[in-house]
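Readers should treat all values here as calculations from the given coordinates under stated rules, not as data from a laboratory. Here the structure is a predicted model, which is why all the values come from computation and not from measurement. Neighbour counts run over all protein chains shown; Cβ positions are idealised from the backbone, glycine included.
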Amino acid sequence: MIENELRTSFARHEVLVPDALPLVPAIDSGAQRVRRRRRVTAGVLAALAVVAAVAVPPLAPHLVAHSRHLAGPGGFDTPPRETVRGPLNFLLLGLDRRPADPPSTVARADTIMIVHVNAAHDHGFLISVPRDLLVDIRGHGLDKINAAYAYGGRNLATEVVSDVTGLTFDGTAEVRFEGLSRLTDALGGVPMCLDQRVVSAHTKRTFEKGCRRLDGGEALDLLRQRYNLPGGALDRDRHARQYVTSLLDEAGNGNLLTSPAKLTKVIGAAGDAMTLDIKKVSIIDLAWQLRSLRGGDLTGVEVPTTEGAYHGTQALRPATDAAGLYAALRADTVGEWLANR
């Protein structure tokens with residue numbers, strides 16, 4: 001049964017939460033016109049949250065509406081009141097383990113991104129934290145921030161970003177680059193518009209300036225590039241923000257729900273791409289509350305830095321106005337901070 005396959009797919013990623021949302025009928029109805037309710041785990045919805053709370057919202061209203069229609073009288077009801085309040089902060093940790101890396105290789109979080117959603121829940125900010133930012137890592141002293149994950153995994157990485165910014169996070173997502181490749185293919189590709197020509201340092205593939213739809217292999221290749229870019233890792237962060245925005249719009253494409261096979265494929269690929277830890281809010285309530293967010297509602301921001309060096313390698317130090325950004329995040333005034341820069 002599809003339900004059993006979904007549970008198996010996500011058992012290694014999510015804690016099962018029973019009686020969460022009757023998603024299976026929306027997937028299975030094309031093959032079976034059976035009007036009986038099934039319940040699946042919140043892990044299925046969470047897996048669709050490609051970037052924590054970012055990709056679930058556009059799917060939520062379609063899933064809820066379709067499930068209610070199939071369930072008939074007494075079926076699933078939308079949340080009767082607002083249950084998620086105030087600004088929200090999520091931390092995304094992008095892990096890039098290459099196929100050639102030995103199993104003993106310790107992963108570093110080469111992409112670190114804060115997703116901040118304002119208190120009105122109608123706009124979000126993707127804040128890239130440069131991998132080479134020098135910070136104090138508890139128990140390890142001064143080092144580049146991407147080393148925190150290697151030292152202590154998700155927990156230490158989250159603690160370090162919290163120490164630097166003063167933020168408390170509502171959830172974290174560990175995103176595996178290779179899984180994003182499969183997810184991109186499951187969605188039928190992701191559109192990207194580049195403002196510069198990019199030549200891959202790994203495959204020699206050329207990405208011309210302009211707009212095109214990238215398949216999984218191309219997207220993964222582009223997301224890894226920094227050596228041949230004028231801005232180095234900062235340009236890579238910018239491409240990552242563009243990718244997340246495009247992914248949001250693709251995940252919110254209503255035609256996913258008219259193709260049960262495609263939706264099932266996307267769910268499986270999303271489960272392989274990430275591990276979520278969202279404890280402070282209900283993923284169902286969160287999805288419903290943010291259901292109207294789209295790519296156009298997201299603004300990309302880079303933590304302000306200045307160039308430096310550390311043990312003979314390039315490093316970045318926070319610029320003077322970085323403290324202003326952190327304060328704006330805590331006060332939920334990032335829009336105003338950007339307007340006054």
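At full extension, THR168 and ARG85 could sit 28.4 nm farther apart than now, given 0.36 nm per residue minus the alpha carbon distance.
Counting beta carbons within 10 Å around each of VAL303, VAL281 and listing the fewest first gives the order VAL281, VAL303. Classification of region 202-294 by its C-alpha gyration tensor yields a prolate form. The axis ratio a/c (a ≥ b ≥ c) is 1.5 or more, and a/b outweighs b/c. In units of the compact-protein estimate 2.2 N^0.38 Å, region 94-192 shows a Cα radius of gyration of 1.20. Decide, for region 237-341, between rounded, prolate and oblate: order the square roots of the alpha carbon gyration tensor eigenvalues as a ≥ b ≥ c, take rounded if a/c falls under 1.5, and otherwise choose prolate if a/b is larger than b/c, else oblate. The shape class here is prolate.
What net charge is computed for the residues neighbouring TRP337, neighbours being all others with C-beta under 12 Å from the C-beta of TRP337, Lys and Arg scored +1, Asp and Glu -1? Residues near TRP337 contribute -1 overall.
A simple spin-label model places the labels of ASP321 and ARG213 3.9 nm from each other, with each point 7 Å out along Cα-to-Cβ. Other residues with beta-carbon under 10 Å from the beta-carbon of THR168 carry, at +1 per Lys or Arg and -1 per Asp or Glu, a net charge of +1. In terms of the mean number of neighbouring beta-carbon atoms within 10 Å, the peptides 190-201, 309-320 order highest first as 190-201, 309-320.
How charged is the neighbourhood of THR206? Take every other residue with its Cβ under 14 Å from the Cβ of THR206, and add Lys/Arg as +1 and Asp/Glu as -1. Taking every other residue near THR206 into account, the sum is +2. Taking the charge dipole of region 132-245 about its Cα centre, with +1 at Lys and Arg Cβ atoms and -1 at Asp and Glu Cβ atoms, the residue from PHE177, GLY210, LEU187 reaching farthest to the positive side is GLY210.
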